[in-house]
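Take a look at the structure set out below.
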Amino acid sequence: MIAAASDELWEGGAACGRTSLVTCTGATNLGDPHPCTGASVVVTIVDYCPSGCRGTIDLSQEAFAAIAHLEAGK
């Protein structure tokens, strides 16, 4: 289970290799009011997420699917 970290979390590359526990807490997109599966996942930060990912962790599809329905999108 892997993820990319945005500037706020990347710390100039120091975050690479760190693990984070990630839990879906609710909907962010219109149309799917209950996207969460109820599970949490531990991901390893392996990459940098470009400027469009402000203050977030960009999960791999496998990690996202463990905590939320893929149709939720975000």
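Where a number appears in this text, it was derived from the coordinates with a stated rule and is not lab data. Small disclaimer: the values here were computed from a predicted structure and weren't measured. Quick reminder, even Gly has a Cβ in these numbers, built from the backbone with ideal geometry, and neighbours come from all protein chains shown.
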Fill in the blank from the handout: Rounded to the nearest 500, the 222 nm mean residue ellipticity computed for the chain from DSSP H runs (n ≥ 4, each -39500 (n - 2.57)) alone is -3000 deg cm²/dmol
Completion exercise
Among beta bridges assigned by DSSP with both residues in the chain, the antiparallel ones amount in percent, to the nearest 5, to 70 percent
Handout entry: Partnerless Cys - the chain, beta-carbon criterion under 4.7 Å
Key = Cys16
Exercise for the section: Work out the length of the dipole vector of the chain about its Cα centre, built from +1 on the beta-carbon of each Lys and Arg and -1 on the beta-carbon of each Asp and Glu, and round it to the nearest 20 debye. Expected result: 100 debye
